[in-house]
Amino acid sequence: MKQKAHPKFSYNTVDEFIQNFTFRNGVHTIWLGNQQSLALLVQGEAFYTQSSNESLLVVFTAAQFDRTDKEPPFFSGVGLARSLELPLLAIADPTLSLSDTLPIAWYAGSQYCPNLPQKLSTLITHVSALTRLKLLIVGGSGAGFASLVQAMCLDEEATICVWNPQTDIMNYSQTYVDMYYETAFENHPLPDGHMHKVDTAGIKGEKRIVYLQNISDWHTQKHCLPFFKCFTLNKYGRSTFIDSAGKVAFHFGDWGKGHVVPPYLLLEALIKTLAQSHNAALASMFLESQGTKAQPYLFEKGKGLFPFRIETSLEDRVLSLQCSFLEGEEDPFQYAFYLMDGKERVDTKWYTAENHVRFTLPPKIRQIKVVVFVKDQLETVISKQFTIKG
């Protein structure tokens, strides 16, 4: 499938690009040597001169699993940028040109360009300085990984918006990890400083990160939570968490089963909000304002809120207890129960999806207590103890 024809500009080196680049619509190709090139798509030449616009939209491209009749370079963000009237810098991953079947390379480089993330940060910085626009970098899945890596490479201010990203290449499907490394590096050793993981300690300067994650995606456990747990966060609303500085926000949605992209209109409106404000706190407010239907209810660790109604009955030494969640909503939690005699545990029901329990009381129990544990979809646990009179 042939891509739309764009004006073409060519540069023999990165230095030549920096010396001669102007923000003109078209594909700008930089030769990297060893028959490899890096392609940048510029769009929205008319938008970047508008006084009302302050943002440059930088878009990475996610995996290309179906490459039938498709040829690199692969670009994303064209329709989004046009709809929002934002100048666009779309970046293609040069490593995909090394194979007709390689679907993903995370912009992590190859033996021919081992320092690709750092080279990209140099180019992005130059375009931002030339246009005098603030950076808004976006991408999902593998492109989300590339976007987050730029938080480690870029020295200057940037806002980064990602959805369902990988945060560690090694935690992705082994088939595709092996395919990438065999194609990109063959039998060559990996270079020093090869970036296969997003390290929060390495994030530089003034960065704002808005991270969207579909709750049922396997990425939640493998990629999101290890990254999520690196920050000290406060809960905002039902399913959003933000740090005290208002710079890092996580929003969990329920947009379908598995590795599902957030709805396009939601992403479009969110990116518009970020382009106008570059404010993660405002982005959190926007996300929580979109209604509760696609927002899972999540707990805030250590805050003690127990939003459940407990109903108990005691008859013929059988204690029945049931937890009720918000009325009319699906219950996605796991429950466990302890039966206590004072401080001594005498019976246990381990975690299941059942929100009720029946305990037969021992003959000599004196001080009946029950501890209820509830675990949410991020495996955060809250608990509450009840004394039963009887």
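The values are calculated or read from the model by the stated rules, or taken from the named source; none is laboratory data. Note that the structure is a prediction, hence the values are computed from the model and not measured. Cβ coordinates were reconstructed from backbone atoms using ideal geometry, including for glycine residues, and neighbour counts include every protein chain displayed.
What to note about this one:
- The range 105-161: number of residues that are among the small types (Gly, Ala, Ser) and over 23 Å from the mean Cα position of the chain (by Cα): 3
- Residues considered: Leu86, Leu57. Of these, the only one that is crowded, with 21+ Cβ neighbours inside 10 Å, in contact (Cβ under 8 Å) with a residue 24 or more places away in the chain, in a loop (DSSP other than H, G, I, E, B) and not charged (D, E, K, R) is Leu86.
Conditions tested, residue by residue: (1) without any contact (Cβ under 8 Å) to a residue 40 or more places away in the chain; (2) surrounded by 21 or more Cβ atoms within 10 Å (Cβ to Cβ); (3) of a type in the set (Val, Ile, Thr).
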| position | (1), (2), (3) |
| --- | --- |
| Gly193 | no, no, no |
| Asp199 | no, no, no |
| Arg208 | no, yes, no |
| Gly237 | no, no, no |
| Phe252 | no, yes, no |
| Gly258 | no, no, no |
| Tyr264 | yes, no, no |
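- Of the residues making up the range 61-83, not one is surrounded by 20 or more Cβ atoms within 10 Å (Cβ to Cβ), among the hydroxyl-bearing types (Ser, Thr, Tyr) and more than 28 Å from Tyr48 (Cβ to Cβ).
- Scanning the range 93-114 for residues that are of a type in the set (Val, Ile, Thr) and either more than 17 Å from His194 (Cα to Cα) or without any contact (Cβ under 8 Å) to a residue 40 or more places away in the chain (or both) returns a single hit, Thr101.
- Any hit, the range 149-168, residues being among the hydroxyl-bearing types (Ser, Thr, Tyr) and either closer than 29 Å to Tyr236 by Cα or at pLDDT below 95 (or both): yes
- The single condition among (1) of a type in the set (A, V, I, L, M, F, W, C); (2) outside any loop (DSSP other than H, G, I, E, B); (3) under 28 Å from the mean Cα position of the chain (by Cα) that Ile18 does not meet is (3).
- Taken over the range 346-383, the criterion of being in contact with a strand residue (DSSP E or B) (Cβ under 9 Å, 6 or more places away or on another chain) and either hydroxyl-bearing (Ser, Thr, Tyr) or assigned by TED's automatic domain parsing to the domain that holds Lys229 (or both) is satisfied by Thr348, Tyr351, Thr352, Thr360, Ser383.
- The residue pairs whose first member lies in the range 115-133 and is assigned to a helix (DSSP H, G or I), whose second member is among the small types (Gly, Ala, Ser), and whose beta carbons are closer than 6 Å, counting only pairs six or more residues apart or on different chains, are Leu116/Gly109.
- Some residue of the range 224-243 being of a type in the set (D, E, K, R), more than 14 Å from the chain's Cα centre (by Cα) and farther than 22 Å from Gln377 by Cβ: no
- Here the condition is being farther than 28 Å from Leu265 by Cα and touching a residue at least 24 places away in the same chain (Cβ under 8 Å); of Gln36, Gln19, Gln64, Gln43, it holds for Gln36 alone.
- Answer residue from the range 31-54, given it is of a type in the set (S, T, N, Q) and at pLDDT 90 or above and is surrounded by the most Cβ atoms within 10 Å (Cβ to Cβ) among those: Gln43
- Of all the residues in the range 163-187, those that are part of a loop (DSSP other than H, G, I, E, B) and surrounded by 12 or more Cβ atoms within 10 Å (Cβ to Cβ) number 5.
- Scan of the range 132-141 for residues that are crowded, with 18+ Cβ neighbours inside 10 Å and farther than 17 Å from Ala39 by Cβ, ordered by number: Leu133, Leu135, Leu136, Ile137, Val138, Gly140, Ser141
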